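These notes concern the structure reproduced below.
Every read-out reported here was derived from the displayed coordinates using simple, explicitly stated rules and does not represent laboratory data. On a predicted model such as this, the values are computed, not experimentally measured, just so you know. Glycine also receives a Cβ, built like all others from the backbone with ideal geometry; neighbour counts cover every protein chain displayed.
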């Protein structure tokens, strides 16, 4: 499974020279499955540039949305395939008793926020509630489950052969919970992330920043790594960077996370940090001998 | 060993109950007692960590409920049962017995917990001692819990 990060920022795009290395675009990750099929995780502003890189004759595009906060859907309206009549786009996301996925996304892609309406998009686009049971796209078996964040939010577990990736970009599993000692059946996201070869997980805050943001739906370093440790993730990619965190700040955050992981008994090489345009190859590893996924940036 | 991961709404309910002093039980759809908080532990005289999860026969035989004549209340009459079966809040007063054998009259309100993925996954039962002084002790955390 190949992974390419197109946006790793959280909350709001954060362009600027001091953000160049990690990037300012919001959440978007491209997966290329062993079958050659493409899965797109979230549609933050990073999906705009991803759209330019896709071959125009791509038969079908699958987008898995974790939730509908703006930093995860803002790029949809600027996704080039949306404006090609030959595109077939399937969008999956969390269900809601309040309104259909299409109706909720249309609140953004409609006046006065947008110059076009969903019904005016020339592509063939369909909207689907993420199934409650596992489903198949190409070579991937996909499972979606609700996780702790503000509003209905999903995490995804994507299995391709013996390789498993878990994507939980917005997650606060430690809210009101003692993650270190809690029985695993009471940990949000545990089933999704268990023994993942690569866990892409929220790490928006340092431990020092977190008290001012408790309950906002995001994790500090210690909670992210405790979660990664409890689920037995073989490699973790820190994701959803705070828009105030500059490149040098994120370098420090990454170093702190590696030290913290080492203190937990892990190999610091297992902790990576997402940077825009980074490419990763993820390969399944035996559970008994956790090892890092290979990374080529 | 532990079972499969609980539905998110039960995880969040447990997190909420952990953070409040109002005595409360968290019960699964099949009546299994999944968790109770420190406030409930103060009233029944044992912290949850000492007891763990209990099936419905176990916890009703330990704690009750009983009517005023010390007879066990039929399961059907419990607010919990009504909340789960009818899918709406229910309220009642009855007696419970703490670990030291002392009986307390309590008022209990049960509400079903319905997640987005399926029907009711359980219920939350919030309760108070009817005796005002005791209620104050329990909810302010000044009640001694046997360890």
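Ratio of Rg to Rh for segment A:60-158, alpha carbon only, Kirkwood?
Computed over Cα atoms, the ratio is 0.96.
Between residue A:119 and residue A:279, what length comes free when the chain is fully extended (0.36 nm per residue of separation minus the Cα-Cα distance, one decimal in nm)?
Fully extending the segment from residue A:119 to residue A:279 adds 54.2 nm.
For segment A:230-271, what is the convex hull (Cα atoms) projected area averaged across all directions, in square nanometres?
Directional mean of the projected Cα hull area for segment A:230-271 stands at 3.2 nm².
Pop a pseudo-label 7 angstrom from the Cα along the beta-carbon direction at both residue A:103 and residue A:21 and give the gap in nm to one decimal.
If labels sit at residue A:103 and residue A:21, their model points lie 4.8 nm apart.
Percent antiparallel among DSSP beta bridges with both residues in the protein assembly as shown, to the nearest 5?
On the way: 58 of 85 bridges.
The antiparallel proportion sits near 70 percent.
Using alpha-carbon positions, what is the distance between the centroids of segment A:206-281 and segment B:1-32, in Å?
Cα centroid of segment A:206-281 versus Cα centroid of segment B:1-32: 28 Å apart.
On full extension of the chain, what length is gained from residue A:216 through residue A:70, given 0.36 nm per residue of separation minus the C-alpha to C-alpha distance?
Here the answer is 51.1 nm.
Which residue, B:37, B:15, B:133, has the most motion in a Gaussian network model of chain B that connects Cα atoms within less than 10 Å?
Of the options given, B:133 has the highest mean-square fluctuation.
Tell me, what is the FRET efficiency for residue A:135 and residue B:29 to the nearest 0.05, using R0 = 22 angstrom and their Cβ-Cβ distance as r?
In this case the efficiency is close to 0.30.
How much mean residue ellipticity at 222 nm does the protein assembly as shown get from its helices, if each DSSP H run of length 4 or more adds -39500 (n - 2.57) and you divide by all residues, to the nearest 500 deg cm²/dmol?
Computed mean residue ellipticity for the protein assembly as shown: -6000 deg cm²/dmol.
At a 10 Å Cβ-Cβ cut-off, how would you order A:164, A:123, A:28, fewest neighbours first? Display every interim value, and only then the final one.
On the way: A:164 24, A:123 17, A:28 31.
Lowest count first: A:123, A:164, A:28.
Considering every residue in B:6-18, what mean count of other chain Cβ atoms within 10 Å of its Cβ is obtained?
Details: counts 7, 2, 9, 1, 2, 14, 6, 0, 4, 10, 2, 1, 4.
For peptide B:6-18, the averaged partner shielding equals 5.
Set the Förster distance to 22 Å, then compute FRET efficiency between residue B:19 and residue A:264 from the Cβ-Cβ distance, nearest 0.05.
0.30
FRET efficiency for residue A:244 and residue B:53, Cβ-Cβ distance as r, R0 = 45 Å, nearest 0.05? Intermediate results must be reported in sequence, preceding the final value.
On the way: r = 43 Å, r/R0 = 0.96.
FRET efficiency, residue A:244 to residue B:53: 0.55.
Can you give me the distance in nm between label points at residue A:35 and residue A:209, each placed 7 Å from the Cα along the Cα-to-Cβ direction?
For the pair residue A:35/residue A:209, the computed spacing is 3.9 nm.
In 10 Å bins starting at zero, report the fraction of Cα pairs in chain A per bin as a rounded %.
Answer for chain A: a P(r) of 7, 30, 38, 20, 5, 0 percent.
How many Cβ atoms of partner chains, on average, are near each residue of A:184-191 if near means within 10 Å of its Cβ?
Per residue, the number of nearby Cβ atoms from other chains is 6 on average.
Any chance you could run the full-extension gain for residue A:180 through residue A:12? It's 0.36 nm times the residue separation minus the Cα-Cα distance, nm to one decimal.
In short, 57.4 nm is gained.
So, in Å, what gap is there between the alpha-carbon centers of segment A:120-161 and segment B:35-56?
38
Could you list A:26, B:32, A:163 in order of exposure, starting from the residue whose Cβ has the fewest other Cβ atoms within 10 Å? Could the numbers behind the result be given before it?
On the way: A:26 31, B:32 15, A:163 21.
Ranked by crowding around the Cβ, least crowded first: B:32, A:163, A:26.
How large is the convex hull of the Cα atoms of segment A:174-297 per residue, expressed in Å³ as a whole number? Provide the component values of the computation, followed by the final result.
Working: hull volume 13.5 nm³, N = 124.
Each residue corresponds to 109 Å³ of Cα convex hull volume.
If I fit a long axis through the Cα atoms of helix A:221-231 and take the longest principal axis of the Cα atoms of chain A, what angle between them do I get, 0 to 90°, rounded to 10?
Orientation of helix A:221-231: about 90 degrees from the principal axis.
Report, for segment A:70-197, the % of DSSP beta bridges that are antiparallel, rounded to 5.
70
Normalised radius of gyration for segment B:1-79, please: alpha carbon Rg relative to 2.2 N^0.38 Å, two decimal places.
For segment B:1-79, the normalised Cα radius of gyration comes out at 1.14.
Would you kindly give the portion of the calculated P(r) for chain B that falls above 17 Å, as a percent of all Cα pairs?
Beyond 17 Å sits 59 percent of the P(r) for chain B.
Under a crude label model (7 Å from the Cα following the beta-carbon direction), how far is residue B:68 from residue A:255 in nanometres?
Placing both labels 7 Å along Cα→Cβ, they lie 7.3 nm apart.
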